[in-house]
1. As an exercise: evaluate GLY448 against (1) assigned to a strand (DSSP E or B); (2) open to solvent by less than 30 Å² (accessible area, probe 1.4 Å); (3) of a type outside the set (Lys, Arg); (4) under 23 Å from ASN188 (Cβ atoms) and give the number of the one condition it does not meet.
2. Among the listed residues SER459, SER481, SER464, which satisfies the condition of being assigned to a helix (DSSP H, G or I), surrounded by fewer than 16 Cβ atoms within 10 Å (Cβ to Cβ), of a type in the set (S, T, N, Q) and within 32 Å of the chain's Cα centre (by Cα)?
3. Looking for something over 30 Å from VAL76 (Cα atoms), surrounded by fewer than 19 Cβ atoms within 10 Å (Cβ to Cβ) and at pLDDT below 85 - is there at least one such residue anywhere in the stretch 353-368?
4. Looking at this structure, is LYS474 surrounded by 12 or more Cβ atoms within 10 Å (Cβ to Cβ), among the basic types (Lys, Arg) and out of contact with any helix residue (DSSP H, G or I) (no Cβ under 8 Å at 6 or more places or on another chain)?
5. Among residues belonging to the stretch 315-330 that are polar (S, T, N, Q) and open to solvent by less than 60 Å² (accessible area, probe 1.4 Å), point out the one that is nearest to ILE237 (Cα to Cα).
6. Mind telling me which of the residues ILE110, ILE120, ILE147, ILE152 ends up being over 25 Å from LEU636 (Cα atoms), in contact with a Cys (Cβ under 7 Å, 6 or more places away or on another chain) and either of a type in the set (D, E, K, R) or modelled with pLDDT of 65 or more (or both)?
7. I want to confirm something. Restricting to the stretch 666-698 and keeping residues that are of a type in the set (Lys, Arg) and either at pLDDT 85 or above or under 30 Å from GLU178 (Cα atoms) (or both), which single residue is most open to solvent (accessible area, probe 1.4 Å)?
8. Look through the stretch 5-44, keep the residues that are without any contact (Cβ under 8 Å) to a residue 12 or more places away in the chain and of a type in the set (D, E, K, R), and return whichever of them is least open to solvent (accessible area, probe 1.4 Å).
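The values are calculated or read from the model by the stated rules, or taken from the named source; none is laboratory data. Not measured: the values here are computed from a predicted model. Here the Cβ is made from the backbone with ideal geometry for all residues, glycine too, and neighbour counts use every protein chain on show. Ligands, DNA and RNA are stripped out before the accessible areas are found, and what is left, the full protein with its side chains, is counted by its heavy atoms. Shrake-Rupley method; radii C 1.70, N 1.55, O 1.52, S 1.80 Å.
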Amino acid sequence: MDEEQRMQEAADDKLINDAFQRLLDNYLSSRHRKKVDIITKAFNFARQAHRGVRRLSGEPYIMHPIAVAQIACEEVGLGSTSICAALLHDVVEDTDYTTEDIENIFGPKIAQIVDGLTKISGGIFGEQASAQAENFKKLLLTMSDDIRVILIKICDRLHNMRTLESQPANKQYKIAGETLYIYAPLANRLGLNKIKSELENLSFQYEHPEEYASIKAKLANTEESRHELFDQFTAPIEEALNQMGIKYQIKERVKTPYSIWSKMQNKHVTFDEIYDILAVRIIFTPAKREEEVNECFNIYVAISKIYKSHPDRLRDWLNHPKANGYQALHVTLMSKQGRWIEVQIRSDRMDEIAEQGFAAHWKYKEGEEGEYTEDESELNEWLRTIKEILDDPQPDAMDFLDAIKLNLFASEIFIFTPKGEIKTMPNGCTALDFAFSIHTFLGSHCIGAKVNHKLVPLSHKLQSGDQVEILTSKSQHVQPSWINFVSTAKAKGKIQAILRRNNRELQKQGEEILSDFLTKNNIEETLSVATQLAEFHESRNREDFFLALGNKTILLGEKDIDELLGKNAKTGKSGWRKLMPFLGRNKEKKPAENQPELFTVPEKFNRKKPIYINDDNITQYKFKHCCHPIPGDDILGFIDGKHQIEIHKRDCPVAAKLKASFGNRILDAKWDMHKKLFFDATIRLQGIDRVGMLLDLSRIISMQMNVNIHKLTIDSEDGVFDGIIELRVHDREDVKEIIAQLKSVDGLQDVSQIL
């Protein structure tokens, strides 16, 4: 071994030992029982197993498991069992050791968690959508056995996101998209607020680097004025709390770049128009733990004497905690500067749970430290719902992920049963959702409901505090239209499962109809024939096509023979079928002569390199209507089923699903345009109508900006106007410049781009 190698090994050893020592120090300062021996044993075992392997960043591989264990210990508050599992989480997958080896050395509990982590490794997902949904199913099933599996998986994903820099761009978009689609909502549902925010921000940073940098810079520029506002606002509050003799601290909470950007997108506002960037958090230590709820309200009464509170913005999460365990009292007060400021009042225990989630509950319980206890009823309720979805998941991977997402994102309302029991339901749910949440039979035979003793239809949306009685009839059966108005994952899953059962018989009839039709016309019956006809009738797949045949919404005829013979000219029992294409029966549409040919991805295509879209090759790519990308937008490519490339905005909802489900088909895409071509952009205008308004608008757009107005529609009522302008622009910069110029027009209140 030469000198250079020896020096490298010595540097690696120091790096590894320092990182492990930091982990031990952190663990020893926690409230957990001190099981240093087993943690050291797990570290030495993992270090030996991963010896000689390096990550893409160049550092020794063992640094990753140590970092995951560090996050589990320091940021989630887990104990020795979880720390050992985190250190060992890649051993079974990446080395020759088996789960049995782990069990023999470290016992069944650690082995069970490592096994759960091994089952769901490699991102959640494999190579194809069906495999991805299957792996996601495994993740949730394993999670139902021991919540620590998913907690460690989230720690693993957080470290991967923190070290995403070393990955190629297409991998970055895949991992960032998957994180936003699955992991951030999971972290949120488990109450890991700090981690959820970091995952969202890191994803945002990689998907939209320029916008991330811009918001960070604006936050830095406005920091001084925020501190000043915070100090002025909190000075009288501190005085009042001191007089009450409360032990407290007041913190400044600033919105994250991702949440600011999301609000800018959703509300079509600029950074300067967001008023809730600053919030104030009062964290107190109660004199008696059982009095903490009362103390929250005492503080609220005291501060509402200083500032006027907003009557519609009092949020009581004390008596009805969120499903992820979050407890606090939120009140919005009017500051002396004329700004509404949200104040969150919570005890130190509530604050720890808000930051660390369910893991923090364990610190306040008896029994073995870090062991999952069974009294987190809301979490168990959620896990039960997930298990029900898993019992009968959607056959389509995307539908399945969407069903799970409905549960992950839901914000809660409280519904009362006729007997006065409280049920937590997602916001936006209907009477039919509520029926299915109680029992599948009740949902299947539901004909309506009584909400607050008034008769309402199945589709009636429930409000928090409603008392609901479900009405049923044995003659009622599940209707396909129900799927259009239910909103919960459970109801959607059950309705689709019942409809699928009903559809199987119709599909069989459809298969028989097709078989008879093909036999009668001497056409060979193959899978490709069914697929071809399904595409011809614009059915999603063969199953949908057979169903349509069975319920007579598609009738086979002459046009179907033309379609098959035009493309296949398959020989049946009589030889004249070979001549059919030449006798005018071939109706296949020929591409127009000047229609550009789409680029087809070859087999040995380098997916790590970006594709560059320029003025000459832009017609070789598919630009989808879901998001209308134009030059200047952050974009990515997706290789579709025909090996052609679709272009999407990186924040397009369709792209979000593609990143999470077909990550290996994502490409990095960049613009290389030179303002030669024009693209459509639509701008919405709202304001106070006046004489000459239209003239001013057209003067700025046509004369000052030299942009063609494609279409202009303006409606004016009672002195207020609402208008839509369709323009032909070169790129996103043109749109920004036009919006900036229009904002200077007198009487124009709101200018935003419609995506």
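1. (4)
2. Just one listed residue meets the conditions, SER481.
3. No - not one qualifying residue is present in the stretch 353-368.
4. Here the answer is no, as LYS474 does not meet what is asked.
5. The selected residue is GLN327.
6. ILE110
7. LYS676
8. ASP13
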